[in-house]
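This report refers to the structure that appears directly beneath it.
Each value in this text was obtained by applying a stated rule to the coordinates, not by laboratory testing. Treat the numbers as computed from the prediction; the structure is a model and nothing was measured. FYI the Cβ positions are ideal-geometry reconstructions off the backbone, even for glycines, and counts take in every protein chain you see.
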Amino acid sequence: MVSIDVWNASVDFPIFDAKSRSLKKAVLNKAGGKIGTDSKVPVIEALRDINISVAHGDRVGLVGHNGAGKSTLLRLLSGIYEPTRGHSRIVGKVAPVFDLGVGLDPEMNGIENIMIRGLFLGMTRKQMESRVDEIAEFTELGDYLSMPLRTYSTGMRVRLALGVVTSIDPEILLLDEGIGAVDASFLAKARDRLNDLVKRSGLLVFASHADEMLMELCTKAIWMDKGQVRMQGPIRDVLTAYKGRDPYEHMSQEAMERLGHGSPASAPAGEGA
């Protein structure tokens, strides 16, 4: 079974500048060199004392203000960042989707980029070849798929990237909030694909500011504040504590119906556990 466990983990980033020491000088000094003086290097404590356990089947939302540590935590959970202190353990293959544009080459055409992006996300060439026609149909890009990506508008690039992302079969799916910032009309079309993607994944961790998407895709949540976990629990409880109001109060009728409720007033108190 896939899982992610983090114990007492912290992530620090040393800041090297002209007033302190360069990274090169620091390495040389560690090796016994005499370059520079022994001045302290400023350190940014991006994450502090993180304790998280995410198991197979979990659908976890990350909430918090910009700069609270959500993206850094996703990178810790993916294995991109190693904890400076503490420990982390990842069981399963990670599909990190932090930027829809990562892995796309502006000089290659749409079909070639579908292959590249799929390989970047851990799929095999054979798996991506079997998905090309379906992705092409979803994106509605037509003849543009044979043209270089540099000729695409921003919206067209998002369509292509989202088509690939929602076609993969991830064990551990880590989504950053940028995926919720795509064109509203196209996101509505992609909603079923996003839900299917989440269902196919062994576990999901999704960082977003969009309450409706969080409530739809997640059952649990983690509230990040100043690099620490401030609260963990059912998605509705955490969002209520974070926002200072029940998330159902400002949810659209359409969203309520997708969540299985006729209107905000009919949403049962305490649901989300």
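Before moving on, here are some points about what is shown:
- The calculated FRET efficiency for the pair Leu119 and Lys40, based on their C-beta separation and a Förster distance of 45 Å, comes to about 0.55.
- Contour minus Cα-Cα distance for Phe16 and Glu107 (0.36 nm per residue): 29.2 nm
- The label point for Thr151 and the one for Asn195, both projected 7 Å from the Cα toward the Cβ, are 3.7 nm apart.
- Between Lys243 and Thr219, the C-beta separation translates, for a Förster distance of 22 Å, into a calculated FRET efficiency of about 0.80.
- Among the listed pairs Lys93/Lys199; Lys199/Lys220; Lys40/Lys70, those beyond 21 Å (Cα-Cα): Lys40/Lys70
- Each peptide in 215-227, 188-200 gets a packing score, the mean of other Cβ atoms within 10 Å over its residues, and the list from highest to lowest is 215-227, 188-200.
- Remark: spin-label model distance Glu134-Asp5 equals 3.5 nm, labels positioned 7 Å along the Cα→Cβ axis.
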